[in-house]
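The values are calculated or read from the model by the stated rules, or taken from the named source; none is laboratory data. Values in this document were obtained by computation on a predicted structure and should not be read as measured data. Backbone-built Cβ (ideal geometry, glycine too); neighbour counts: all protein chains shown.
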Amino acid sequence: MSREPEDAPKRGFWSPLIQRLEHRLDLTCQQFITLLSLSLEQPLSPAQRFRQGIHRSICRICRTQEKRWHQLRALAKELGQEKVPESSLSDARLEGIRRALEAQTPSSEPPKG
């Protein structure tokens with residue numbers, strides 16, 4: 001008769017429940033990134049936020065990725081708030097450029113002939 005070591009986890013009523021819970025909470029890195037992307041478009045459900053939080057707590061790579069993602073969004077928002085400088089070209093010069101571009105663009109009318 002074989003005996004389990006004393007420090008081995010006890011198999012009993014809770015073991016299958018814990019395994020099912022772990023399976024339901026398990027989130028791959030790809031799923032984490034998908035949820036991160038989704039969270040930018042709409043609020044996540046409490047279950048999604050909870051699963052993402054568990055994955056974030058154990059995956060250093062995804063924590064770093066999420067931090068970079070938020071930094072990139074903040075930078076893009078900051079750049080979007082900058083004023084675009086007014087053109088330094090005169091109206092006459094802009095009109096000349098427009099005419100030159102129109103002359104280079106092929107006409108959509110069929111050739112006369």
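Structure summary
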| item | result |
| --- | --- |
| Close pairs (8 angstrom Cβ cut-off, 6 or more residues apart or separate chains): among the small types (Gly, Ala, Ser) in region 86-113, at pLDDT 75 or above anywhere | Ser87/Leu94 |
| Residues being among the β-branched types (Val, Ile, Thr) and not in a loop (DSSP other than H, G, I, E, B) - total across region 21-38 | 2 |
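Yes or no, residue by residue, for (1) modelled with pLDDT under 80; (2) part of a helix (DSSP H, G or I); (3) of a type in the set (Phe, Trp, Tyr); (4) more than 13 Å from the chain's Cα centre (by Cα):
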site: Leu40; (1), (2), (3), (4): no, yes, no, no
site: Ser57; (1), (2), (3), (4): no, yes, no, yes
site: Ser88; (1), (2), (3), (4): yes, no, no, yes
site: Arg93; (1), (2), (3), (4): yes, yes, no, yes
